[in-house]
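Student: Attaching a single structure in structure tokens format; questions to follow.
No lab work stands behind these numbers, since they all come straight from the coordinates. Since the structure is predicted, the reported quantities are computational estimates derived from the model, not experimental observations. In this analysis, Cβ positions are derived from the backbone assuming ideal geometry, glycine residues included, and neighbour counts consider all displayed protein chains.
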Amino acid sequence: MIIAMSEKVSILLSDVSIKGDVVEKEKLVTDSKIDGDITSDKLVTHQGSKINGNISSSSVTLGGVSKGNINSDKINIKSTAEVEGVLNQKNLSIEEGAKLKIKAETY
């Protein structure tokens, strides 16, 4: 018998604005404006998102604007992303067209 564990996902839509830190134990998907640090297991940002703060997550997919340092095992930067800060990661992938002002460090 196989039991599938469903992943818990928190979604912040484009009409949401947060001032302060966000902590999510599992997956966070956002298209919102966040002024603060984000800690989550997995983070996915869409094109309309604007994050001004540091990100700490095991897996990050960036599609929007991000200003701050990112600490993650796996960082995937989409073509729609605008990223500024220090990236500290094991794996990094960047799609053509992304706007970057970064320093990347591999651990």
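Student: Would you kindly derive the ³J(HN,Hα) couplings of region 65-74 from the backbone phi angles with the Karplus curve 6.51 cos²θ - 1.76 cosθ + 1.60 (θ = phi - 60°), listing them in order in whole Hz, with x for Gly and Pro?
Tutor: In residue order, the calculated couplings are 8, 9, 10, x, 7, 10, 10, 7, 5, 9 Hz.
Student: Could you tell me which label, among (1) 54, 36, 23; (2) 48, 33, 23; (3) 57, 30, 20, carries the value of Cα extents along the principal axes in Å calculated for this structure?
Tutor: (2)
Student: Could you derive backbone 3J(HN,Hα) for region 47-54 from the dihedral phi with the Karplus parameters 6.51, -1.76 and 1.60 (θ = phi - 60°), listing whole Hz in sequence and x where the residue is Gly or Pro?
Tutor: My calculation for region 47-54 gives 4, x, 6, 9, 10, 10, x, 7 Hz in order.
Student: What pairs in Lys78/Lys103; Lys33/Lys103; Lys42/Lys74; Lys8/Lys33; Lys27/Lys74 have C-alpha atoms more than 19 Å from each other? Before the final figure, lay out the partial values.
Tutor: Values: Lys78/Lys103 17 Å; Lys33/Lys103 23 Å; Lys42/Lys74 10 Å; Lys8/Lys33 21 Å; Lys27/Lys74 14 Å.
Checking Cα-Cα distances, Lys33/Lys103; Lys8/Lys33 exceed 19 Å.
Student: For Ile34, list long-range residues whose amide hydrogen, built 1.01 Å from N in the peptide plane, is under 5 Å from its own amide hydrogen.
Tutor: Excluding prolines and chain starts, which carry no amide H, the hits are Ile18, Lys50, Ile51, Asn52.
Student: May I ask for the net charge around Thr106, where only other residues with Cβ less than 15 Å from the Cβ of Thr106 are counted and Lys, Arg are +1 while Asp, Glu are -1?
Tutor: Values: positive: Lys74, Lys90, Lys103; negative: Asp73, Glu105.
Result for the neighbourhood of Thr106: +1.
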